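One structure is given below, encoded as structure tokens.
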Amino acid sequence: MDLHLPSWDISLQGLMDPESGNNKTAVAEFILLGLVQSEKLQSVVFVLFLFVYLVTDGGNLSILTATLVEPKLHTPMYFFLGNLSVLDVGCITVTVPSMLGRLLSHKRTVSYGACLTQLFFFHLLAGMDCFLLTAMAYDRFLAICRPLTYSTRMNQAVQWILVAVSWACAFINALTHTIALTTLKFCGPNEVNHFYCDLPQLFQLSCSSTQLNELLLFAACFIMAGVAMVLIITSYIHVAAVVLQIHSVEGRKKAFSTCGSHLTVVCLFYGTGIFNYMRLGSVEASDKDKGVGVFNTVINPMLNPLIYSLRNPDVQGALWRVLVGRESLT
């Protein structure tokens with residue numbers, strides 16, 4: 001693939017892909033159009049996203065610190081929650097700082113290699129998020145439905161195995177999509193109607209057939225999201241059946257509180273993910289895709305620590321001790 005040829009070199013037009021329909025050479029870089037075009041609005045977007053980035057990192061790192069230093073939170077549920085905080089920090093860091101840099105420098109171009117690198121890490125972290133949320137649902141199932149054997153079925157070794165297997169599956173998924181993308185030819189135009197590199201937007205720019213790539217993306221999402229959602233729904237059907245049998249109102253409230261936080265995060269994650277990646281045959285870029293991208297990479301990572309801390313007195317108490325240095329009022 002002649003990806004390093006300058007786009008203005010017309011001497012190599014004979015090597016161009018006939019499917020492109022235009023005499024253009026292979027592109028070596030993409031232009032990310034970003035969220036807004038107005039310079040005044042770009043300044044507003046820069047300040048807003050910088051603030052959100054700092055708040056998101058601060059919130060997730062606080063959750064991670066609390067789960068590490070607070071002995072009361074050294075349980076499987078908070079072990080997975082700490083891992084989720086790491087993923088949220090990684091997800092927003094893969095996309096937002098580069099966008100802020102482009103807004104600051106007024107340079108919207110990104111090299112082909114940098115675009116693929118961003119895409120790989122974004123899908124690695126998103127895939128890991130998918131598997132981790134499933135592991136968290138399994139943990140809640142064991143804790144509520146199998147309490148007598150919970151400590152042995154969800155011991156430290158099992159926790160690390162679940163995380164390691166999740167990373168391995170997410171790595172394979174991200175690598176598969178990245179390698180598949182390198183088989184496509186890009187000969188112009190090279191404008192990506194988004195603020196980061198992602199598969200649906202890059203498919204639109206290819207001058208070769210993307211049918212196999214789209215089928216691969218749809219199949220991977222169907223398998224990953226489909227299997228994960230079936231496991232999560234099955235787990236919570238059993239959880240709901242057990243919780244409804246609890247006679248204590250306080251006991252039911254506590255059980256629904258911990259499960260409710262996880263279910264809220266699951267609905268936000270899968271709702272936006274399905275809309276973004278499981279629209280087979282959709283090749284039209286729109287502001288809706290940008291909105292979903294903002295939700296996936298910015299809003300979700302920012303909301304996750306709020307959801308878990310607002311609904312969980314244990315996390316609130318630990319955060320209070322970590323951040324303020326006082327004993328929790330709870």
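Return the residue satisfying two criteria in turn: it lies in the range 30-65 and is among the β-branched types (Val, Ile, Thr) and more than 18 Å from residue 95 (Cα to Cα), and of such residues it is least open to solvent (accessible area, probe 1.4 Å). Filtering first and then ranking leaves 63.
The condition of being part of a helix (DSSP H, G or I), under 30 Å from residue 30 (Cα atoms), free of Cβ contacts under 8 Å to residues at least 60 places away in the same chain and open to solvent by less than 50 Å² (accessible area, probe 1.4 Å) does not hold for residue 116. Within the range 277-330, restricting attention to residues that are more than 17 Å from the chain's Cα centre (by Cα), open to solvent by less than 70 Å² (accessible area, probe 1.4 Å) and among the hydroxyl-bearing types (Ser, Thr, Tyr), which residue is modelled with the highest pLDDT? Per the stated criteria, the residue is 308.
Among the conditions (1) closer than 24 Å to residue 276 by Cβ; (2) assigned to a helix (DSSP H, G or I); (3) open to solvent by 60 Å² or more (accessible area, probe 1.4 Å), the only one that residue 148 does not satisfy is (1). Here residue 107 fulfils each of the conditions (1) in a helix (DSSP H, G or I); (2) of a type outside the set (S, T, N, Q); (3) surrounded by fewer than 22 Cβ atoms within 10 Å (Cβ to Cβ) apart from (1). Looking only at residues that are under 16 Å from residue 262 (Cβ atoms) and among the polar types (S, T, N, Q) in the range 230-250, which one is surrounded by the fewest Cβ atoms within 10 Å (Cβ to Cβ)? Taking the candidates together, the pick is 234. For the range 160-202, how many residues are closer than 22 Å to residue 291 by Cβ and of a type outside the set (Phe, Trp, Tyr)? Result for the range 160-202: 10.
Look at the range 34-48: where a residue is closer than 12 Å to residue 106 by Cα and a partner is part of a loop (DSSP other than H, G, I, E, B), sitting 6+ places away or on another chain with Cβ atoms under 9 Å, you get 34/108; 34/194; 34/195; 39/106; 42/34; 42/35; 42/36; 42/106. Residues being part of a helix (DSSP H, G or I) and within 23 Å of residue 272 (Cα to Cα) are represented in the range 181-189 by at least one member. The numbered conditions (1) open to solvent by 30 Å² or more (accessible area, probe 1.4 Å); (2) at pLDDT 90 or above are all true for residue 68 except (2).
Here's the yes/no breakdown for (1) more than 20 Å from residue 291 (Cα to Cα); (2) in contact with a strand residue (DSSP E or B) (Cβ under 8 Å, 6 or more places away or on another chain); (3) not in a helix (DSSP H, G or I):
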{"site": "34", "(1), (2), (3)": "no, no, yes"}
{"site": "37", "(1), (2), (3)": "no, no, yes"}
{"site": "53", "(1), (2), (3)": "no, no, no"}
{"site": "59", "(1), (2), (3)": "yes, no, no"}
{"site": "65", "(1), (2), (3)": "yes, no, no"}
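Look at the range 68-85: where a residue is among the small types (Gly, Ala, Ser) and a partner is buried (at least 22 other Cβ atoms within 10 Å of the Cβ), sitting 6+ places away or on another chain with Cβ atoms under 8 Å, you get 82/63; 82/67; 85/60; 85/63; 85/67; 85/304; 85/305.
Among residues of the range 206-229 being more than 17 Å from the chain's Cα centre (by Cα) and among the small types (Gly, Ala, Ser), the one that is surrounded by the most Cβ atoms within 10 Å (Cβ to Cβ) is 206.
Specify the residue that is farthest from residue 76 (Cα to Cα); the eligible residues are those in the range 177-197 that are open to solvent by less than 60 Å² (accessible area, probe 1.4 Å) and either of a type in the set (Val, Ile, Thr) or without any contact (Cβ under 8 Å) to a residue 12 or more places away in the chain (or both). Looking at the filtered set, the residue picked out is 192. Can we say residue 168 is under 30 Å from residue 242 (Cβ atoms), surrounded by fewer than 15 Cβ atoms within 10 Å (Cβ to Cβ) and within 18 Å of the chain's Cα centre (by Cα)? So residue 168 fails the test. Within the set 240, 219, 225, the sole residue that is closer than 26 Å to residue 116 by Cα, without any contact (Cβ under 8 Å) to a residue 12 or more places away in the chain and part of a helix (DSSP H, G or I) turns out to be 219.
The values are calculated or read from the model by the stated rules, or taken from the named source; none is laboratory data. Everything quoted here is computed from the prediction, not taken from an experiment. Note that each Cβ is placed from the backbone with ideal geometry, even for glycine, and that neighbours are counted across all protein chains shown. Please note that ligands, DNA and RNA were not included when accessible areas were found on the heavy atoms of the full protein model with its side chains. Shrake-Rupley method; radii C 1.70, N 1.55, O 1.52, S 1.80 Å.
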